[in-house]
Amino acid sequence: MLHFRMWEHRNDALHGAKPTPTQLSHLSTLRQEILKEYSKGDATLPPTDRWRLDLDYREINLNLSLPKTLRWLETIKLARAAHGRLRTTYQRRTQQQLQRSMHTYLQTGRTTTNE
């Protein structure tokens, strides 16, 4: 993966178009967002996406082109959102299971687990 990114960066540097001042300003703002994502840490990312915040990739991510920076930020934000929904669903199911167990216990005096 790293080799591909290095090749891609070199290829963009050699053959890519020079960004306009407006694009450079936008890119600067987006790089600040990348730093904010790194400061949030990987606890709110699914395990399959935690590698994206690996410190070894930090400099590479901070030097991506505008389209790639936008794509990286979108990927991280979507991964955080998906993980948040999954965690909420899991918490809701756990709470419902606890409520059913309590209801059964109060109605019968026994737990639902086999003892």
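Any read-out appearing in this document is the output of simple, stated calculations on the displayed coordinates, not a laboratory observation. Bear in mind the structure is a predicted one, so any value in this text is a computation, not a measurement. FYI the Cβ positions are ideal-geometry reconstructions off the backbone, even for glycines, and counts take in every protein chain you see.
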Item to check | Cut-off 14 Å between beta-carbons: net charge of the residues surrounding Gln32, Lys and Arg +1, Asp and Glu -1 | outcome: +2
Checklist outcome for this item: With only helices counted (DSSP H, runs n ≥ 4, each -39500 (n - 2.57)), the per-residue ellipticity at 222 nm for the chain, to the nearest 500, works out to -24500 deg cm²/dmol
Checklist entry - What net charge is computed for the residues neighbouring Arg92, neighbours being all others with C-beta under 14 Å from the C-beta of Arg92, Lys and Arg scored +1, Asp and Glu -1? => result +4
Checklist entry - Mind listing the Cα extents of the chain along all three principal axes, in Å, largest one first? => result 74, 29, 19
Checklist outcome for this item: The number of Lys pairs in the chain whose alpha carbons lie under 20 Å apart, excluding pairs fewer than 8 residues apart on one chain, is 5
Checklist entry - How many nm is it between the label spots at Thr22 and Thr108, if each spot is 7 Å from the Cα in line with the beta carbon? => result 6.9 nm
Next on the checklist: Quick check: pseudo-label points 7 Å beyond the Cα along Cα→Cβ at Thr89 and Leu2, how many nm apart are they?
Outcome noted: 3.5 nm
Checklist entry - Counting pairs of alpha carbon atoms under 8 Å apart in space and at least six apart in sequence, what relative contact order in percent does the chain give? => result 24 percent
